[in-house]
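Peer 1: Have a look at the structure that comes next, please.
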Amino acid sequence: MSPLTRDIALLALAVALLLLGLTALGDRMRARRAVPDPTVEVFMARVDSWWAMAILFTLAMLAGRWAVILLFATASFAALREFYTYSSRSRADHLTLALAFYVLLPAQFLLVFFDLQRTFTVFIPVYVFLLLPFVTVLRGSTERFLARVSETQWGLMIAVFCLSHIPALMWLELPGAEGRGLLLIAFLVLVVQTGDLADFYLGRRLGRRRIVPGLSSKTWQGALWGMAAAGALGLALFWITPFGPLAAAAMAAGASATGQAGSLVLRAIKRDRGLRDWSHLIPGQGGFLDQLDSVIFAAPAFFHLTRLWWFTT
């Protein structure tokens with residue numbers, strides 16, 4: 001067994017033990033209440049969805065890098081579909097949307113697969129941003145043109161560009177951690193999701209001041225608890241990263257903060273569209289965008305901060 005496979009197995013065991021503990025905690029909270037508590041039920045639904053994600057991701061990591069990229073490309077396709085379902089569009093946008101799903105999305109993940117970092121980091125925010133509206137112009141429809149083009153670009157940025165930075169972490173070869181980029185992906189997902197879970201539960205139990213009243217029940221206290229929980233887990237998992245203990249805790253807390261900010265942005269978009277969830281793909285938990293919103297926004301920041309750390313050390 002290679003050192004990487006061994007560490008993946010150890011990490012999978014640790015995650016399974018953590019999820020068993022959270023499941024037992026949720027069952028205990030349920031048993032204390034004669035009437036179901038909505039907060040506890042949502043907490044348990046999130047833990048259940050974590051089990052499924054942990055199993056899928058572990059199998060993908062063991063299968064190899066191609067499986068990880070395929071997994072996230074599939075998630076990107078589903079997330080883009082959810083976003084575009086509620087975007088402004090007309091018959092003139094059909095070609096643009098087809099290009100987004102069947103050309104631009106695969107191209108972005110192929111650039112990641114072949115580790116073309118200088119290209120995949122500018123492909124969508126520069127070249128697609130400048131050229132894709134021209135395709136829409138050629139269709140001849142100018143009604144609500146700016147809104148339609150903007151929403152198309154936003155969908156590609158969130159569901160494809162940002163999300164593609166998660167598998168791109170595999171190719172970061174940092175000193176002393178060559179070939180261990182797969183574990184960086186696990187680190188990012190674990191700390192951000194843990195921060196979200198702590199923010200959700202403790203924020204509703206102990207939070208007092210909402211960050212954006214009228215938009216979300218997220219509180220400043222919950223956000224701080226989430227960052228603290230992410231930082232604590234980052235400290236515990238520093239051994240799977242190229243960072244030292246304190247640096248791993250700081251990176252984890254920063255990723256959690258970025259993710260929570262992104263979650264509020266997507267919540268605002270949902271409110272604008274009159275939505276509760278992006279889809280009903282995951283019972284009780286919405287769709288891919290609902291599950292991955294924080295990780296999607298945290299991924300580019302974590303990726304580039306990690307590269308910056310590499311170049312400055």
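The values are calculated or read from the model by the stated rules, or taken from the named source; none is laboratory data. Everything quoted here is computed from the prediction, not taken from an experiment. Every residue, glycine among them, receives a Cβ derived from its backbone with ideal geometry; neighbour counts consider all protein chains shown.
Peer 1: Check ARG89 against each of (1) assigned to a loop (DSSP other than H, G, I, E, B); (2) at pLDDT 80 or above; (3) farther than 22 Å from PRO133 by Cβ and name the one condition it does not meet.
Peer 2: (3)
Peer 1: Go through the residues of region 81-98 one by one and say whether even a single one is among the hydrophobic types (A, V, I, L, M, F, W, C), without any contact (Cβ under 8 Å) to a residue 40 or more places away in the chain and either within 22 Å of PHE302 (Cα to Cα) or in contact with a Leu (Cβ under 9 Å, 6 or more places away or on another chain) (or both).
Peer 2: Checked region 81-98: no residue is among the hydrophobic types (A, V, I, L, M, F, W, C), without any contact (Cβ under 8 Å) to a residue 40 or more places away in the chain and either within 22 Å of PHE302 (Cα to Cα) or in contact with a Leu (Cβ under 9 Å, 6 or more places away or on another chain) (or both).
Peer 1: Right, something else. Does at least one position in region 6-23 carry a residue that is polar (S, T, N, Q) and in a loop (DSSP other than H, G, I, E, B)?
Peer 2: No - not one qualifying residue is present in region 6-23.
Peer 1: If you take just the helices (runs of 4 or more DSSP H) that sit entirely in region 108-221, which of them hold at least 3 residues that are at pLDDT 85 or above and touching a helix residue (DSSP H, G or I) at 6+ places or on another chain (Cβ under 6 Å)?
Peer 2: Filter on region 108-221 gives 129-138, 145-156, 163-168, 181-206.
Peer 1: Something else now. Give the number of residues within region 62-75 that are modelled with pLDDT of 90 or more, of a type outside the set (A, V, I, L, M) and closer than 18 Å to ASP115 by Cβ.
Peer 2: Of the residues in that region, 2 qualify.
Peer 1: Only residues that are aromatic (Phe, Trp, Tyr), more than 19 Å from ILE296 (Cβ to Cβ) and in contact (Cβ under 8 Å) with a residue 24 or more places away in the chain: list them for region 196-238, please.
Peer 2: If the condition is that a residue be aromatic (Phe, Trp, Tyr), more than 19 Å from ILE296 (Cβ to Cβ) and in contact (Cβ under 8 Å) with a residue 24 or more places away in the chain, then TYR201, TRP225 are the ones that fit.
Peer 1: Still on this structure, please answer the following. In this structure, does ALA78 turn out to be under 18 Å from the mean Cα position of the chain (by Cα) and closer than 20 Å to PHE161 by Cβ? Quick ask: steps written out before the conclusion?
Peer 2: On the way: under 18 Å from the mean Cα position of the chain (by Cα): yes; closer than 20 Å to PHE161 by Cβ: yes.
Spelling it out, ALA78 is indeed under 18 Å from the mean Cα position of the chain (by Cα) and closer than 20 Å to PHE161 by Cβ.
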